[in-house]
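The values are calculated or read from the model by the stated rules, or taken from the named source; none is laboratory data. Quick caveat: nothing in here was measured; it's all calculated off a predicted structure. Cβ placement follows ideal geometry from the backbone for every residue including glycine, while neighbour counts extend to all protein chains displayed. For accessibility, only protein heavy atoms count, side chains too; no ligands or nucleic acids. Shrake-Rupley method; radii C 1.70, N 1.55, O 1.52, S 1.80 Å.
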Amino acid sequence: MKTEFARRLLDLPRSSFATTVSRIDQLVKAGEDVVNLCQGNPDLPTPPHIVEALRREVLDPATHRYPAFSGLLELKAAVAQWYATHHQVHLDPESEVAILFGAKAGLVEISQCLLNPGDVCLMPDPAFPDYWSGVVLARARMHAMPLLRENGFLPDYSALDPATCDRAKLMFLNYPNNPTSVTAPPEFYEETVRFAARNQVVVASDFAYAALGFDGRAPCSFLQTDGAMEVGVEFISLSKMFNMAGWRIGAVVGNPDVVAAINLLQEHYYVSLPSFIQRAAAVALTGPQDCVEELARTYERRRDVFVAGVRDAGWHIDLPQSIFAWLPVPGGGSSSAFADDLLTRAKVAVAPGRWFGEHGEGYVRVSLLAPEDRLKEAVIRLADLRNGTHKDPDHD
Ligand SMILES: Cc1ncc(COP(=O)(O)O)c(C=O)c1O
């Protein structure tokens with residue numbers, strides 16, 4: 001039988017990460033010493049008190065039964081408590097919090113909840129590619145909002161034409177930003193609320209890198225802005241905050257109509273996450289937070305090591321405000337060609353900026369989720385390649 005698949009499936013973007021990860025695996029199997037700075041996959045373990053909570057909870061037979069539809073109230077209350085403590089945002093756990101299989105799931109689901117075929121979604125460019133998937137599944141259209149260095153990698157709403165704004169129903173934002181590693185100032189969020197209210201656009205603020213602030217500055221939440229709850233929702237993730245990427249847990253909070261829509265869609269896909277994971281996640285959010293502070297300091301030290309090394313090599317780089325470095329390609333060449341060259345010749349894996357959109361071209365994204373000695377090693381290899389002092393083993 002020749003199976004014919006649905007157009008929406010065939011149109012889904014292919015993950016460039018998967019291809020590179022399998023190439024890295026092959027190189028490692030062949031005995032190569034690859035410094036892998038390609039993905040944003042936390043290298044450190046989940047703090048022990050959270051693992052201990054999971055161990056305790058999984059022994060309770062109540063957690064072996066189907067969990068409550070749309071998640072445990074105990075976890076929703078923990079999310080609300082986290083927002084109140086860290087961002088002075090007050091949420092009703094029942095109606096303004098939904099539990100997600102990682103932020104990723106919700107970031108795909110929101111487009112299916114809000115977009116009809118042909119509707120416009122305002123998409124930052126560059127952006128985390130998972131946003132595109134939901135828009136494709138909804139058969140909607142993306143309109144790029146270029147994130148340019150001269151605008152602090154923030155979208156310029158005044159550059160959008162009124163007809164596009166009229167058709168737009170949803171907009172993604174993400175600060176601290178992946179991949180450009182900048183944060184957004186409160187004034188930008190104030191402007192966003194005005195823009196969204198004027199144009200009736202729902203704002204989906206991806207706050208996956210909340211809590212990992214550098215240089216004594218905590219990232220601000222979109223929901224801290226007056227009027228934000230009226231126009232949008234925010235996604236948080238426990239993946240990076242508590243090194244829980246493998247646990248697959250996050251939440252979406254804010255506008256109750258949008259939260260209800262996501263819960264409704266999820267009711268058709270899942271019966272929520274395992275209760276033992278939800279209970280341990282509640283412990284993570286309400287328990288001691290010094291582990292988060294310690295993690296942020298570790299990443300900040302790594303950033304400093306990497307940036308100092310790169311700058312010593314005469315390479316200009318803006319100071320990252322998050323766990324990625326957004327490194328200009330020497331000579332402004334193709335990011336894919338440069339990343340390919342780096343992996344082939346210097347055995348350093350980075351993500352080409354083009355993977356994140358047209359305006360990511362000219363940069364590569366370097367993940368700082370690796371120990372300091374590996375980052376130092378990467379800097380040596382990067383500098384050698386850039387300065388032409390790299391020795392190709394094949395040609396020695
Ligand atoms: C910007 C951004 N949003 C969301 C996610 C996904 O988070 P989660 O692990 O909770 O699905 C990531 C993961 O790397 C990310 O970089």
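Things worth noting here:
- Computed over neighbours whose Cβ is under 13 Å from that of residue 306, the net charge equals +1, Lys and Arg +1, Asp and Glu -1.
- Applying 1/(1 + (r/R0)^6) with r as the Cβ-Cβ distance of residue 17 and residue 112 and R0 = 22 angstrom yields a FRET efficiency of 0.45.
- The range 1-43, dipole about Cα centre (Lys/Arg Cβ +1, Asp/Glu Cβ -1), debye to the nearest 20: 360
- Accessible surface computed residue by residue for the range 48-286, with neighbouring protein chains in place and a 1.4 Å probe, gives 40 Å² per residue.
- Calculated [θ] (222 nm, deg cm²/dmol) that DSSP helices of n ≥ 4 give over the chain, each run adding -39,500 (n - 2.57): -12500 deg cm²/dmol
- In terms of the mean number of neighbouring beta-carbon atoms within 10 Å, the peptides 171-181, 119-129 order highest first as 171-181, 119-129.
- Around residue 131: net Lys/Arg minus Asp/Glu count, Cβ-Cβ under 12 Å: -3
- When you filter the trypsin sites (Lys or Arg not before Pro) in the range 1-69 for DSSP loop state and at most 14 other Cβ atoms inside 10 Å of their Cβ, you are left with 2, 14, 65.
- In this calculation the C-beta distance from residue 387 to residue 164 is compared with R0 = 35 Å, giving a FRET efficiency of 0.20.
- Size descriptors for the range 290-396: radius of gyration and Dmax over Cα atoms are 14.0, 50 Å.
- Highest mean first, the peptides 74-83, 220-229 sorted by other C-beta atoms within 10 Å per residue fall in the order 74-83, 220-229.
- Normalised by the number of residues in the chain, the average gap of Cα pairs under 8 Å and 6 or more apart makes the relative contact order 23 percent.
- Peptide ranges 240-251, 294-305 listed from the most packed, as the mean C-beta count within 10 angstrom indicates: 240-251, 294-305
- Mean shadow area of the range 113-183 over all directions, Cα convex hull, nm²: 4.6
- The alpha-carbon of residue 376 sits under 19 angstrom from the alpha-carbons of these lysines, leaving out residues fewer than 8 places away in its chain: 347, 391.
- Calculated FRET efficiency for the pair residue 372/residue 341, C-beta based, R₀ 30 Å, to 0.05: 0.75
- Accessible area of the range 48-286 belonging to carbon and sulfur atoms, whole % at 1.4 Å probe: 55
- Shape category assigned to the range 259-332 from the gyration tensor of Cα positions, a/c cut at 1.5: oblate
- Residue among 292, 306, 383 farthest towards the positive dipole end of the chain, charges placed on Cβ: 383
- For q = 0.08, 0.15 Å⁻¹, Debye-computed log10 I/I(0) when each Cα of the chain counts as one equal scatterer: -0.43, -1.45
- Here the spin labels are modelled as points 7 Å beyond Cα on the Cα-Cβ line, and at residue 73 and residue 32 they lie 5.5 nm apart.
- Degrees between helix 48-58 axis and first principal axis of the chain (Cα, 0 to 90, nearest 10): 50
- The mean sequence distance of close C-alpha pairs (under 8 Å, at least 6 residues apart), as a share of the length of the range 154-234, puts its relative contact order at 32 percent.
- Selected from 239, 16, 111 as most flexible by GNM, with the chain as the system and alpha-carbon contacts under 10 Å: 16
- Relative contact order of the range 197-288, pairs being alpha-carbon contacts under 8 Å that are 6 or more residues apart, as %: 23
- Per-residue extension of 0.36 nm, minus the Cα-Cα distance of residue 56 and residue 148, leaves a gain of 28.3 nm for this segment.
- Compared with the dominant Cα axis of the chain, that is its longest principal axis, helix 372-387 is turned about 50°.
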